[in-house]
Amino acid sequence: MYTLRIRYGYAIMITQRVFFAFVEKRRMDCKNRIIKLRESTGLNRKDFCKLVHIPYRTMTEWELDNRHAPDYVLWLLEYYIRNEGLMVKGRNEGGGDSEKETT
């Protein structure tokens, strides 16, 4: 019975490590996804916040990785940007033209 408890405790410890690794990866993805979404529109943070009706402070906290956006918010932002044609065509790292993509 004693060895069974040790094995059970070990299994829980391994499961927790896998879970925490998954959560940490999701948090890192949140920051990068938010920044890429905003940059894909060609807008600065202030204008992007006005467009999607998210408080500036909240967006700042998400981009600085101090807080994390729920998954459904990221999905909705991606959906909105893609379907409203807000992505800038040919956007480069250093800039690009500010014309909206047409489909």
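FYI, it's all coordinate maths here, none of it is from the lab. Bear in mind the structure is a predicted one, so any value in this text is a computation, not a measurement. We place every Cβ from the backbone using ideal geometry, glycine too, and count neighbours over all the protein chains shown.
Odds and ends about this structure:
- Residue in the range 51-66 that is in contact (Cβ under 8 Å) with a residue 24 or more places away in the chain and among the acidic types (Asp, Glu) present: yes
- Across the range 46-64, the number of residues qualifying as exposed (fewer than 14 other Cβ atoms within 10 Å of the Cβ) and not hydroxyl-bearing (Ser, Thr, Tyr) comes to 7.
- Restricting the first member to the range 67-86 and to residues that are within 12 Å of Val52 (Cα to Cα) and without any contact (Cβ under 8 Å) to a residue 60 or more places away in the chain, and the second to residues that are polar (S, T, N, Q) and part of a helix (DSSP H, G or I), the beta-carbon pairs closer than 6 Å and six or more apart or on different chains are Leu86/Thr41.
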